[in-house]
Each structure stands twice: as C-alpha cells, then as structure tokens.
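Here, each number is a calculation from the coordinates, and none is a lab measurement. Predicted, not measured: the structure shown is a model, and the values here were computed from it. Cβ placement follows ideal geometry from the backbone for every residue including glycine, while neighbour counts extend to all protein chains displayed.
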C-alpha cells in the first residue's frame, strides 16, 4: 500500500517521533523510505545574504544523515533528499519531492502549537496539508 | 438542543498493520463527503447539508433538524463503513451527537474507542473559505494526541496536480 514513504524531518524530536511510524509503514510494505529535509533560509538581508533559520542547521543535518545511515544499516531502502527554501516554504519543497518521487504517503511530526501559535509561528504540517499530492500522516508530539 | 452530526466508521485494517491491533477512525462531519478509502467513483450526492436544512426549517422544529441530521450522519457513516469493507477492512459505522465542534467530537470519540489513528479527507479549503468555514482536519491535527491521516480527495489531488503543472510551465 505504501511503497514509497516520505519522512519529512526538520531534525526535531517531534520529527523523530514520526520516524517510528514512517519506518513501520515502509518496513511493512517492503517499500522505500525517502527522508526529506529542508534547510529553511531567512529572507535576504541588506547585503543579500541569507541564513539558516535554525542556527544549528549543520548539526541537524548531520543527525539526519546518521539516521538515514542507521536505517540503511538496518536493511531498509532509505535515501536522503535535502533542499533549501525560504522560511515558510518548506511545505512546498516537501510536496514537490513527494510529487517527483511518486510518494504514497508523507509522514510528518506535529509540534502541536496552540491556535495562536499556529497563527504566529505557522505549522509546517498544516501548510503541507494544502499542498500534498498524497495522504499526509501527522504524528503529534504527544502520540503514544 | 441543536446537534451537529458527526459520523465515524471504525475499521480494523490488518493490511495496514502499523500496530498489533490497529483501529482506524475515519472521521467525517455529517455534511462532508467520505472518501479516504480511495473509492474514486464515489459520487457526490445531493445529500442534505446542514445549511440547507437550517434554511428549510427556518423558524421550525429543532427536533426535526436533529433527527434529519442524525439520519444524514448515519447514512454517511454506513457509506464510509461500506467503502472500508469494500477494500477489505472490518468496519462498522457509528455516529455521535455532541454539542461541540466536529473536530472535537471526532477526537472525543477516538478517545472513547482508543483509536490508533483518525483518517480524514481533505476538502482543500484555503484562504478566506478556510477562515470562515474552518478546516476540520486542521483542528483535529491541532488537538489530536494520536496519528491523523489526511487524504486529499481525488478532486483536490487533481486540482493540486494541475496547479503544480501550471507553476512549472
């Protein structure tokens, strides 16, 4: 059913929680797990420079690469796709990756912001719902 | 009391199997089309929606609205269960009436039955429509403490594919 599973991760704990589900889905179907990470960049400053939204972006990326390596080590067909996007546009990049790969499902973690938090900070999972070409499985941080 | 009908169909999909005893809860409001099980031939009916009923019974008997909404919810729950059954799941329909938002009613019911996941269809509302009408799936995701699977309807998926190709071109 889910031959191609995308796990979209920002390197956070809630994304890690979603990995358990993504992995189970891929393993169950004997399918491929595509790990997608988007490095969100700030809007250009005066000098035209753009910075990663997450100051520890390098660490996050290294952590994700280790996770992909571990998945492959466990016998799973896991690949890593990294990209960049302007802040708030990660959902577009993930949806495009899903479309290009012909993914059957996208698995993401949810930070569970309050309504105000959603308004102020925005929710990647929510944005993804507006763009995803396939089902989106959202795993809340509080999921058991 | 005016009840906002919410219908659910429970399924035990062995084929999905991401839990040892998985139970999925496809949750839909009474005035929303089911379809998360991928029956693309499922026809949009001229079924009753709440707004039309409110108009018809304007100033009338609230109990009648209650009963009509309950019947509508049951019909749609039955339809959802049939769709789930058609794709090999063990499913049964259930409805509930609660004086709350549709999303919270779905989540409360999911709590009651210990569902592992809630499966919903995305109506694809954006912008002002989403703001005014509200997005059930968004509210469910925001408050859920269990996994939620949101499936774009065939119409929504086709619309997004078209929009994507237009962007690329």
Grab the Cα-Cα distance for residue B:155 and residue B:78, subtract it from 0.36 nm times how many residues apart they are, and report the gain in nm with one decimal.
25.5 nm
In square nanometres and to one decimal, what's the mean projected area of the convex hull around the Cα atoms of the stretch A:1-46?
3.8
Relative to chain A, whose Cα atoms define the longest principal axis, helix A:57-73 and its Cα axis are tilted in degrees, nearest 10, by 10
Order by neighbour count: A:93, A:1, B:120, fewest other Cβ atoms within 10 Å first, most last.
A:1, A:93, B:120
Ranked list, fewest to most other Cβ atoms within 10 Å of each Cβ, for B:69, B:101, A:42:
A:42, B:101, B:69
How high is the relative contact order of chain A? Use alpha-carbon pairs under 8 Å, at least six apart in sequence, and give a whole percent.
31
Taking the number of other C-beta atoms within 10 Å as the exposure measure, put B:155, B:166, B:75 in order starting with the fewest.
B:166, B:155, B:75
In degrees, nearest ten, helix A:13-29 long axis to first principal axis of chain A (Cα)
30
Given 0.36 nm per residue, what is the gain on full extension from residue B:166 to residue B:86 after removing their alpha carbon distance, in nm?
25.2 nm
Can you give me the angle between helix A:90-101 and the longest principal axis of chain A, using Cα atoms only, in degrees from 0 to 90, rounded to the nearest 10?
30
At 37 °C and 0.692 mPa s, the Stokes-Einstein diffusion coefficient in µm²/s for chain A, with hydrodynamic radius from the Kirkwood sum on alpha carbon pairs, is 213
Once fully extended, how much extra length lies between residue B:64 and residue B:108, figured as 0.36 nm per residue of separation less the alpha-carbon to alpha-carbon distance?
13.3 nm
For the stretch A:73-113, shape from the Cα gyration tensor axes a ≥ b ≥ c, cut at a/c of 1.5 then a/b versus b/c, turns out prolate
Would you mind getting me the FRET efficiency between residue A:50 and residue A:12? Use the beta-carbon distance for r and R0 = 22 Å, nearest 0.05.
0.55
In whole Å, largest first, the alpha carbons of the stretch A:35-86 cover along the principal axes 47, 16, 10
